[in-house]
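Only the coordinates and a few stated rules stand behind these numbers; no lab work does. This one's a predicted model, so the numbers in the text were calculated from it and none came from an experiment. Every residue, glycine as well, gets a Cβ built from its backbone with ideal geometry; the counts of neighbours run over all protein chains shown.
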Amino acid sequence: MLKKQDDGTYSGARPMIDEEIVQDKDYVQQALIPLSSETHSGEDVAIYSKGPWSHLFDGTVEQNYIFHVMNYAAHNGE
């Protein structure tokens, strides 16, 4: 269990996980930086754009897709 420190940071041991645990349909991925509340839901979002590479953004997409498209466009498709 994580314990909030006086400076607002957290400390504590993470549980040991194995393949069986992570394959469980109810498994929730551990956060890299544990926080007291959710900050990123991973839900679908509506996004539209104009300009170079804008054809890659059209309509509703998963949030994680946005990073990959922006990275691809920033590197001119390489």
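With K and R counted +1 and D and E -1, the other residues having a Cβ less than 13 Å from that of ASN64 yield a net charge of -3. Here the extension length gained between GLU62 and ASP7 equals 16.4 nm, from 0.36 nm per residue of separation less the Cα-Cα distance.
For the peptides 64-70, 17-23, what is the packing order when you average, over each peptide's residues, the other Cβ atoms within 10 Å and list the highest mean first?
Numbers: 64-70: 12.6, 17-23: 8.7.
Per-residue mean Cβ counts within 10 Å order the peptides as 64-70, 17-23.
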